[in-house]
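Chemist: Quick one: this structure, given as structure tokens, is what I'll be asking you about.
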Amino acid sequence: MCAMARPRKPLLSRDRIVETAGALVDAEGLAALSTRRLAAELGVSGPSLYNHFRTKDEILDAVADAVSAKIDLSMFEETDGRDWRTALHDWAVSYRAALADHPHIVPVLAQGPGRRPAGLRVADAVFGAMVRAGWPPAQATYIGALMRYFVTGSALGSFARGFVDDETAYDPADYPHLGQAHLLAEHRQKVDEGAFQTGLRALLDGLAAQYATLDRARTRTATGG
């Protein structure tokens, strides 16, 4: 009689490590991730992780890059018909949505792409599209930076959730203009989304004004004016 084969454990792979680490960070935050905890979640010994990643920071980098890979970049393709302003708007919305799904990894993403392939593809796509649209390379670099500041900043925390829902916490004698602040947490999504869209419009309006100035200068140069 043949002995019944033991069920095999799933093979350890980079993708499985990243997926499990990402789920752990999503559920419990960055502080919960350690190689020991991750190995336990995967059902393997700690040293086996080092066949795929040298350090915990490398694992976090890979988790962050997996989030970057979810950001839509189609608006920056040369075949896409969107103008630079619409492209930046649509990208910022996709960017923020990706981060909103994984808020605990945002501090890692906020440090910049480093050597992460997906993060570098994002930076390359934005810079290339802005230069093609007529922005000088230096300004294209600034635009990529300020968009990262704005989007990651908006994803790092909730303005509305920063206020408690206790009316007594905001005595009008001390805070005469915060009489309704205790209601903000109840309307967190509306407040935070409204703030993001207001800031994005203001940012893009400012860039459009700068672009118009550049365009006028180019026209004067071309006509000898």
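The values are calculated or read from the model by the stated rules, or taken from the named source; none is laboratory data. Keep in mind that this is a model prediction, so the values were computed, not measured. Every residue, glycine among them, receives a Cβ derived from its backbone with ideal geometry; neighbour counts consider all protein chains shown. With ligands, DNA and RNA removed, areas are computed over all heavy atoms of the protein, side chains included. Shrake-Rupley method; radii C 1.70, N 1.55, O 1.52, S 1.80 Å.
Chemist: Here is a check on your reading of the model: is G194 touching a residue at least 40 places away in the same chain (Cβ under 8 Å), closer than 16 Å to R96 by Cα and either within 33 Å of the chain's Cα centre (by Cα) or open to solvent by less than 80 Å² (accessible area, probe 1.4 Å) (or both)?
Modeler: Spelling it out, it is not the case that G194 is touching a residue at least 40 places away in the same chain (Cβ under 8 Å), closer than 16 Å to R96 by Cα and either within 33 Å of the chain's Cα centre (by Cα) or open to solvent by less than 80 Å² (accessible area, probe 1.4 Å) (or both).
Chemist: Go through segment 77-107 and report how many residues are hydrophobic (A, V, I, L, M, F, W, C) and under 17 Å from L146 (Cα atoms).
Modeler: Qualifying residue count, segment 77-107: 8.
Chemist: How many residues, within segment 25-58, are within 26 Å of V151 (Cβ to Cβ), among the hydrophobic types (A, V, I, L, M, F, W, C) and either surrounded by fewer than 20 Cβ atoms within 10 Å (Cβ to Cβ) or modelled with pLDDT under 95 (or both)?
Modeler: Here the count works out to 5.
Chemist: Filter segment 59-91 down to the residues that are of a type in the set (V, I, T), over 24 Å from R14 (Cβ atoms) and open to solvent by less than 70 Å² (accessible area, probe 1.4 Å) and list them by number.
Modeler: T86
Chemist: Please go through segment 163-191 and pick out each residue that is under 27 Å from L204 (Cα atoms) and surrounded by fewer than 16 Cβ atoms within 10 Å (Cβ to Cβ).
Modeler: H187, R188, Q189, K190
Chemist: On to the next question. What number goes with the only condition from (1) over 19 Å from R116 (Cα atoms); (2) in contact (Cβ under 8 Å) with a residue 12 or more places away in the chain that V25 does not pass?
Modeler: Every condition holds for V25 apart from (1).
Chemist: Exactly one of (1) in a helix (DSSP H, G or I); (2) open to solvent by less than 10 Å² (accessible area, probe 1.4 Å) is unmet by W135. Its number?
Modeler: Failing condition for W135: (1).
Chemist: Can you go through G119, G157, G153, G162 and tell me which one is within 23 Å of A31 (Cβ to Cβ) and in contact with a Pro (Cβ under 7 Å, 6 or more places away or on another chain)?
Modeler: G119
Chemist: Right, next: When residues of segment 160-194 are filtered for being of a type outside the set (G, A, S) and in a helix (DSSP H, G or I), how many remain? Walk me through it before giving the result.
Modeler: If we filter segment 160-194 for residues that are of a type outside the set (G, A, S), which is where we start, we get 161, 163-168, 170-172, 174-178, 180, 182-184, 186-193.
Then drop every residue that is not in a helix (DSSP H, G or I), which leaves 161, 167-168, 182-183, 186-193.
The qualifying residues number 13.
Chemist: Then there is this: Across segment 197-225, what is the number of residues that are open to solvent by 30 Å² or more (accessible area, probe 1.4 Å), touching a residue at least 12 places away in the same chain (Cβ under 8 Å) and within 18 Å of the chain's Cα centre (by Cα)?
Modeler: Going through segment 197-225 one residue at a time, the tally reaches 1.
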